[in-house]
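The values are calculated or read from the model by the stated rules, or taken from the named source; none is laboratory data. None of the values given here were measured: they were computed from a predicted structure. Don't worry about glycine lacking a Cβ; one is built from the backbone with ideal geometry, like all the others, and counts go over all protein chains shown.
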Amino acid sequence: MRILIVTAKEDTERPDVLDTLTVRDMVAKALASVGHKTYVLGVTKKDLRSFDVLENKIKRFWPDCIFNLFEGFSDDSKKEVLFATFLESLNIPFTGNGSAALQASLDKLMAKKLLTKKNVPAPKGLCLESTSFDLEGLPCPAFIKPRFEDGSVGIDDSSLVTSKSQLKEAVARKILTFPAGIIVEEFLEGREFNVGLIGLPPYEVAGISMIDYEDYPEALPFLDYGAKWDTKSPGYRIAPENPKFLPREMKDSLIRMAKRAGIALSCKGYFRVDMRERDGEIYVIDVNPNPDLNVESGLANQCRRSGLPYEALISYIIDTAIKESQYESDNESLYEVSRHSAIY
């Protein structure tokens, strides 16, 4: 097949953005190794001002499928939703999540509402858009994050506040930095679990990883931007591990919760659900609709442990996109999973 790999094109030194270009090359190599013809296209801000011109740019490659690695721009992450909406209008299969899932995951408030609607436990919290707020209504310890960002942008050592005396100043500072809004929610101490899922509902399980922050006393008790992208950060050495001795009942609960979260947010293709355990209860803290696809990424490592090598993972993602495009029924029916399903 002819596969067009699409990324954002911009001048930036941000490591999370540059990583996408590395992934592009890895995906191209993996696809070429199994016989596909690959092409690359960098989408600029100017391209998104004229969809007719962009459509012509894409169709000149005659792609059978588009491998979508476009995640917006460093100063405008919302453009990833706009681009996915555009791709949906082309009637060309494309990988990853659609606009609905990207919008729901990017907007942390919307995600929380959708999870709650489907009875998926999530940390209690609220959204603030102004420096005028009622301090008494805020949880403490509190975790503060931007309403509209991904890749841990805006997550740093000031995100966790453990005293009411610090809370007002911390919240006000974050709102000034992210005027579109911030989420202030209860901080859940405990182990963190990541479940990678691929395919269409009810999904295939890539694997389960665990982080026990007690093993990293020098790092923050959560993954901030530095932990993911700064090699000098104390948290950079945090490595999610394979929880070999996790009870079967716990594993099953994590998988069920992750699948329910994916369905609640209309996820497909490949994604990761992050959860925390508190007093034996599991809470969904984030749904990542476009996790890193680096050869050594968490998702790739999970698949590798499950017997699915990197080239097979990338091929599976392509196959899923083709399969969904050929789905004859209304696309919404993909997410209508019976309450009697094992997921529940």
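Quick look at the values:
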read-out	value
Matching residues in segment 42-71 - criterion: being among the β-branched types (Val, Ile, Thr) and more than 16 Å from residue 321 (Cα to Cα)	43, 44, 53, 58
Top-ranked residue of segment 205-242 - restricted to ones that are under 20 Å from residue 301 (Cα atoms) and polar (S, T, N, Q), ranked as nearest to the chain's Cα centre (by Cα)	209
Hey, residue 18 outside any loop (DSSP other than H, G, I, E, B), within 20 Å of residue 150 (Cβ to Cβ) and not assigned by TED's automatic domain parsing to the domain that holds residue 313 or not	yes
Qualifying residue in segment 283-292 (condition: at pLDDT 95 or above, among the aromatic types (Phe, Trp, Tyr) and in contact with a strand residue (DSSP E or B) (Cβ under 8 Å, 6 or more places away or on another chain))	yes
One residue from 322, 314, 282 being in contact with a helix residue (DSSP H, G or I) (Cβ under 8 Å, 6 or more places away or on another chain) and part of a helix (DSSP H, G or I)	314
Residues of segment 129-151 classified as within 23 Å of residue 262 (Cβ to Cβ) and surrounded by fewer than 15 Cβ atoms within 10 Å (Cβ to Cβ), total	0
Matching residues, segment 285-311, being among the aliphatic types (A, V, I, L, M) and part of a loop (DSSP other than H, G, I, E, B)	293, 295, 308
Of the criteria (1) at pLDDT 95 or above; (2) surrounded by fewer than 16 Cβ atoms within 10 Å (Cβ to Cβ), which one residue 248 fails	(1)
Residues of segment 23-65 satisfying the condition of being among the small types (Gly, Ala, Ser) and either at positive phi or not in a helix (DSSP H, G or I) (or both)	35, 42, 50
Some residue of segment 112-128 being surrounded by fewer than 18 Cβ atoms within 10 Å (Cβ to Cβ) and more than 22 Å from the chain's Cα centre (by Cα)	no
Count of segment 176-232 residues which are among the hydroxyl-bearing types (Ser, Thr, Tyr), touching a helix residue (DSSP H, G or I) at 6+ places or on another chain (Cβ under 9 Å) and surrounded by 17 or more Cβ atoms within 10 Å (Cβ to Cβ)	3
Filter pass, residue 267 being in a loop (DSSP other than H, G, I, E, B) and modelled with pLDDT of 95 or more	yes
Residue count for segment 83-108, restricted to those that are closer than 19 Å to residue 271 by Cα and either touching a strand residue (DSSP E or B) at 6+ places or on another chain (Cβ under 6 Å) or touching a residue at least 24 places away in the same chain (Cβ under 8 Å) (or both)	16
Close pairs (7 angstrom Cβ cut-off, 6 or more residues apart or separate chains): outside the structural domain of residue 79 (by TED's automatic domain parsing) in segment 43-54, surrounded by 11 or more Cβ atoms within 10 Å (Cβ to Cβ) and part of a helix (DSSP H, G or I) anywhere	none
